[in-house]
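J.: Before anything else, here's the structure in question.
Quick note: the coordinates plus some simple rules give every number you see, no bench work behind them. None of these values were measured; they are calculated from a predicted model. Virtual Cβ from ideal backbone geometry, glycine too; neighbours counted across all protein chains shown.
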Amino acid sequence: MRLYLDTSLVVTALVTEPNSEVVNRWLEQHAACRFVVSDWVVAEFSAAHSVKLRSNRLSEEARARALERLADLLDSEIECLPVLREHFRQATAFADRSSVGLRAGDALHLALAANHAIKLCTRDQLQAQAGAGLAVLTELVP
């Protein structure tokens, strides 16, 4: 089984945060699965760590270690999906449903998961709820 990990999950797994232990335990429990991210996750991961660095919540060394760890995982354990025009179009259709309340990035994660028939795993409750309403398999990870 393949599981799409969104950025919130990857960030929490690779940098010490309050829920890192719980997320890493969840990842261990799903070790038999094939983990998948996208190029969008990689971009958001880098941006999130730049924000943490600028706001003095992360050292340059810790940021470098996190980026290196993600690169290592992408080379060995995690599949990375390219983001294509069709994914942006699907994300637009999801975001157009104003009652759902999706941000563009979250809509793109859902579109990627839907397009590849992969369960999206996230720490974002709104994204998980939106996915269910859009017929995208989702799992909210604590």
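J.: Got a sec? How would THR122, THR12 order by Cβ neighbour count within 10 Å, fewest to most?
T.: THR12, THR122
J.: Sort 40-49, 108-117 for me by packing, meaning the mean count of neighbouring Cβ atoms within 10 Å per residue, highest on top.
T.: My ranking of the peptides, most packed first, is 108-117, 40-49.
J.: Counting other beta carbons within 10 Å of each Cβ, put SER20, SER8 in order, fewest first. Kindly include the intermediate steps, with their values, before the conclusion.
T.: On the way: SER20 14, SER8 21.
Ranking SER20, SER8 by Cβ neighbours within 10 Å, fewest first, gives SER20, SER8.
J.: Given points 7 Å out from each Cα along the Cα-Cβ axis, report the GLN125 to GLU139 separation in nanometres with one decimal.
T.: In this crude spin-label approximation the distance works out to 2.0 nm.
J.: How much length would be gained if the chain were fully extended between GLU60 and GLU77, taking 0.36 nm per residue of separation minus their Cα-Cα distance, in nm to one decimal?
T.: Numbers: separation 17, 0.36 × 17 = 6.12 nm, distance 2.50 nm.
Once the chain is fully extended between GLU60 and GLU77, it gains 3.6 nm.
J.: Taking square-rooted eigenvalues a ≥ b ≥ c of the alpha carbon gyration tensor, is the chain rounded, prolate or oblate, where a/c under 1.5 means rounded and, failing that, a/b exceeding b/c means prolate?
T.: In terms of gyration-tensor shape, prolate.
J.: Which residue, GLN29, GLN90, GLN125, tops the fluctuation ranking in a GNM of the chain built on C-alpha contacts under 10 Å?
T.: Among GLN29, GLN90, GLN125, the largest GNM mean-square fluctuation belongs to GLN29.
J.: Now a separate question. Can you figure out the FRET efficiency of GLU21 with ALA43, using R₀ = 25 Å and their beta-carbon distance, to the nearest 0.05?
T.: 0.40
J.: In terms of modelled amide H atoms, which long-range or inter-chain residues lie less than 5 Å from the amide H of LYS119?
T.: For LYS119, the qualifying residues are TYR4.
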